[in-house]
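The values are calculated or read from the model by the stated rules, or taken from the named source; none is laboratory data. Keep in mind it's a predicted model, so treat the numbers as computed, not measured. With ideal geometry, Cβ positions are generated from the backbone for all residues, glycine too; neighbour counts draw on all protein chains shown.
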């Protein structure tokens, strides 16, 4: 790889990284601040099982979504690392 | 075997385990002392991070807080878990790639400035010390209640144990003791929760029981809970009383503060590779979620148990209230500690537990001959009293005591270590005594850890009135000072020394000033702490998130009008953005 190609590759890697992080943080925001706080009164009119839905997001659902998000990020990021040949393992 | 003897045995056995691990994994170099030599497996590190993070407050206080706050308690649940998303996506992998020992070390090098490093050390010490004092207090409370020694003796024993493994073992020692402590604390938290969930709903998994129906009926647990608390004039459990804007900002301050806590960040310096730092964040949140999704279930079950114990019959009928003479055994034992108190205001010998600040309800209560709420319950006792309330076997009670101590000790050790690293590495080695040898630096690290243990013990023994308040504010301060500086250091080439220092100082001073204004630590409050007086309706608990925004704004504005960082810094940022080539962490 020439130095120019190397720089272009690094820039493309960083852009892919930012896109992924942006997507994940959008979900992070909607699951907690959106469903758990801003829309809680609207969602509480719906019940799933014994939970009002907004209350469920605030006290259970958001935490599970955070966990799923990090799992997705770890896998997607590992793929981006390899695609740009910048992985460390 | 008596409960006390059993508790001594269980707690004593865990102490022997912690010290044995520490002796086996003693640190021999500064690399091992600060970052465990950088060779910790991501799963082990995730477990250690979970124990490091979950403090006496998480273990002892949180479920109790949620039990009394209901929906408003969600700020702690979302705030203290959502921060790990920020940590995993925005900070941990890059700081691992940077590969130094400490958080101020990153700030000092990225902003090519000794002043930035010292400002970061000041933020770090302030945040960590307030936090550690609360942990030592937690150790004292658990000791005095379960081992029936006085708080001072309990504190001294706790200090001695932390001293042995944090001072000798350094990061390497605390990593593996934290793994053991996680196992103890999660077992201690889950076992009683499973029993209680099963007793109330017939479903043994607390997370499912939370959404299940009361055993033998079609009524969901939460619907029943809303019913019984509103019958006594309390706000419905699933409703909140805080304003939406305040809930939003408190959650944000706790989330960002979590991501900015130095003792949590530094755990990610101990894994071998960048990819391991990401994986480790997943494992950390998984282990944390095991407790954090159980806690709200425990809170709801505990509140229902409490209300139904005090109000066994219909509301308004004289015999509907529990007679004081018939109070259960756990009530008597906790009464001795003063953490639960009864005052018979209307002289009928029965316990009226209701919301006497609710004006509409107070009228009806008056007609029944009630003369005010007669029961004061300290929020901190619910988790500790839970096994007794549910009449669980003695070994469960002993296990809970050991779990509370494990939670407090693991967090205290992590905090003491970042304080000692900030002093021996950032202040001595990097700032005042650059020629210090590795042996001398290691000794300095041990001495400062030892001094920090003593000071923390003193603060726990004689907490100045403000400690308890300030623990919650440590998050706001971390959010407003350290987090933005680190984030901009990674994601911006342009933010420079002047911008970072101005931003950190603005965030720290604004947040501290706002808290002092309303809470009056050291001085009299300047204004009453009520929503009408707050800036945009944001309480002092949530103001750190606003301080963070100010930090960003000031840092960008100042950077725009001052010279760009040197080329070497640009190369540094380019280097930390790619995973390839992460070596072990080094000092310089």
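Could you say which residue among B:238, B:251, B:244 is at the interface with chain A (Cβ under 9 Å from one of its Cβ atoms), in contact with a helix residue (DSSP H, G or I) (Cβ under 7 Å, 6 or more places away or on another chain) and without any contact (Cβ under 8 Å) to a residue 60 or more places away in the chain?
B:244
State whether the residues of the stretch A:3-17 include one that is without any contact (Cβ under 8 Å) to a residue 24 or more places away in the chain, within 7 Å of another protein chain (Cβ to nearest Cβ) and within 27 Å of residue B:250 (Cα to Cα).
The answer is no, given that none of the residues of the stretch A:3-17 is without any contact (Cβ under 8 Å) to a residue 24 or more places away in the chain, within 7 Å of another protein chain (Cβ to nearest Cβ) and within 27 Å of residue B:250 (Cα to Cα).
Of all residues in the stretch A:43-63, count the ones that are assigned to a strand (DSSP E or B) and more than 7 Å from chain B (Cβ to nearest Cβ).
2
What tally of residues in the stretch B:487-507 results from selecting those that are buried (at least 24 other Cβ atoms within 10 Å of the Cβ) and in a helix (DSSP H, G or I)?
The total comes to 6.
Of everything in the stretch B:338-367, what is surrounded by 15 or more Cβ atoms within 10 Å (Cβ to Cβ) and in a helix (DSSP H, G or I)? Give them in sequence order.
Result: B:361, B:362, B:365.
State all residues of the stretch A:18-38 that are without any contact (Cβ under 8 Å) to a residue 40 or more places away in the chain and more than 8 Å from chain B (Cβ to nearest Cβ); if no residue qualifies, say none.
Hits for the stretch A:18-38 are A:18, A:19, A:22, A:23, A:26, A:29, A:30, A:31, A:34, A:35.
Looking at B:57, B:48, B:63, B:44, can you tell me which residue is modelled with pLDDT of 80 or more and within 16 Å of residue B:406 (Cα to Cα)? Give the derivation first.
Working: B:57 fails: modelled with pLDDT of 80 or more; B:63 fails: within 16 Å of residue B:406 (Cα to Cα); B:44 fails: within 16 Å of residue B:406 (Cα to Cα).
The conditions single out B:48.
I'd like the full set of residues that are in contact with a strand residue (DSSP E or B) (Cβ under 7 Å, 6 or more places away or on another chain) and free of Cβ contacts under 8 Å to residues at least 40 places away in the same chain, limited to the stretch B:307-334.
If the condition is that a residue be in contact with a strand residue (DSSP E or B) (Cβ under 7 Å, 6 or more places away or on another chain) and free of Cβ contacts under 8 Å to residues at least 40 places away in the same chain, then B:321, B:322, B:323, B:324, B:331 are the ones that fit.
Each row is one residue, and each column tells you yes or no for (1) assigned to a helix (DSSP H, G or I); (2) closer than 19 Å to residue B:96 by Cβ; (3) within 12 Å of chain A (Cβ to nearest Cβ).
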residue: B:545; (1), (2), (3): yes, no, yes
residue: B:548; (1), (2), (3): yes, no, no
residue: B:551; (1), (2), (3): yes, no, no
residue: B:563; (1), (2), (3): no, no, no
residue: B:568; (1), (2), (3): yes, no, no
residue: B:572; (1), (2), (3): yes, yes, no
residue: B:576; (1), (2), (3): yes, yes, yes
residue: B:579; (1), (2), (3): no, yes, yes
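Right, residue B:290: on the phi < 0 side of the Ramachandran plot and surrounded by 23 or more Cβ atoms within 10 Å (Cβ to Cβ) or not?
no
How many of the residues in the stretch B:25-53 are farther than 27 Å from residue B:281 by Cβ and touching a helix residue (DSSP H, G or I) at 6+ places or on another chain (Cβ under 8 Å)?
Here the count works out to 1.
Could you pull out the residue among B:388, B:376 that is surrounded by fewer than 24 Cβ atoms within 10 Å (Cβ to Cβ), outside any loop (DSSP other than H, G, I, E, B) and touching a strand residue (DSSP E or B) at 6+ places or on another chain (Cβ under 6 Å)?
B:376
For the structure I just gave you, tell me whether residue A:66 is within 7 Å of chain B (Cβ to nearest Cβ), more than 20 Å from the chain's Cα centre (by Cα) and surrounded by 19 or more Cβ atoms within 10 Å (Cβ to Cβ).
No, not satisfied.
Just to check your reading of the model, which residue among B:108, B:138, B:114, B:70 is within 14 Å of chain A (Cβ to nearest Cβ) and either over 24 Å from residue B:179 (Cβ atoms) or crowded, with 24+ Cβ neighbours inside 10 Å (or both)? Don't jump to the end; show me each part of the working.
Numbers: B:108 fails: within 14 Å of chain A (Cβ to nearest Cβ); B:138 fails: within 14 Å of chain A (Cβ to nearest Cβ); B:114 fails: within 14 Å of chain A (Cβ to nearest Cβ).
None of the other options fit; the residue is B:70.
Kindly establish whether residue B:188 is modelled with pLDDT of 85 or more, over 21 Å from residue B:402 (Cα atoms), in a helix (DSSP H, G or I) and more than 12 Å from chain A (Cβ to nearest Cβ). Give the derivation first.
Values: modelled with pLDDT of 85 or more: yes; over 21 Å from residue B:402 (Cα atoms): no; in a helix (DSSP H, G or I): yes; more than 12 Å from chain A (Cβ to nearest Cβ): yes.
Considered against the rule, which asks whether it is modelled with pLDDT of 85 or more, over 21 Å from residue B:402 (Cα atoms), in a helix (DSSP H, G or I) and more than 12 Å from chain A (Cβ to nearest Cβ), residue B:188 comes out as no.
Could you check residue A:83 against (1) under 18 Å from residue A:27 (Cβ atoms); (2) more than 8 Å from chain B (Cβ to nearest Cβ) and say which number it fails?
Against the list (1) under 18 Å from residue A:27 (Cβ atoms); (2) more than 8 Å from chain B (Cβ to nearest Cβ), residue A:83 comes up short only on (1).
Which number in (1) over 26 Å from residue B:493 (Cα atoms); (2) part of a helix (DSSP H, G or I); (3) without any contact (Cβ under 8 Å) to a residue 12 or more places away in the chain marks the one condition that residue A:69 misses?
(3)
If the requirement is being surrounded by fewer than 21 Cβ atoms within 10 Å (Cβ to Cβ), part of a helix (DSSP H, G or I) and touching a residue at least 60 places away in the same chain (Cβ under 8 Å), which of these qualifies: B:87, B:95, B:156?
That would be B:156, the only listed residue that is surrounded by fewer than 21 Cβ atoms within 10 Å (Cβ to Cβ), part of a helix (DSSP H, G or I) and touching a residue at least 60 places away in the same chain (Cβ under 8 Å).
Which ones in the stretch B:293-306 are at the interface with chain A (Cβ under 9 Å from one of its Cβ atoms) and either surrounded by fewer than 24 Cβ atoms within 10 Å (Cβ to Cβ) or free of Cβ contacts under 8 Å to residues at least 12 places away in the same chain (or both)?
Selection gives B:293 alone.
Of the conditions (1) away from chain A (no Cβ under 14 Å); (2) part of a helix (DSSP H, G or I); (3) surrounded by fewer than 24 Cβ atoms within 10 Å (Cβ to Cβ), residue B:64 fails just one. Which one is it?
(3)
Given the structure, is residue B:423 in a loop (DSSP other than H, G, I, E, B) and touching a helix residue (DSSP H, G or I) at 6+ places or on another chain (Cβ under 7 Å)?
No; evaluated as a whole, the condition is false for this residue.
State all residues of the stretch B:301-328 that are assigned to a helix (DSSP H, G or I) and touching a helix residue (DSSP H, G or I) at 6+ places or on another chain (Cβ under 7 Å); if no residue qualifies, say none.
Selection gives B:301, B:302, B:303, B:304, B:305, B:307, B:308.
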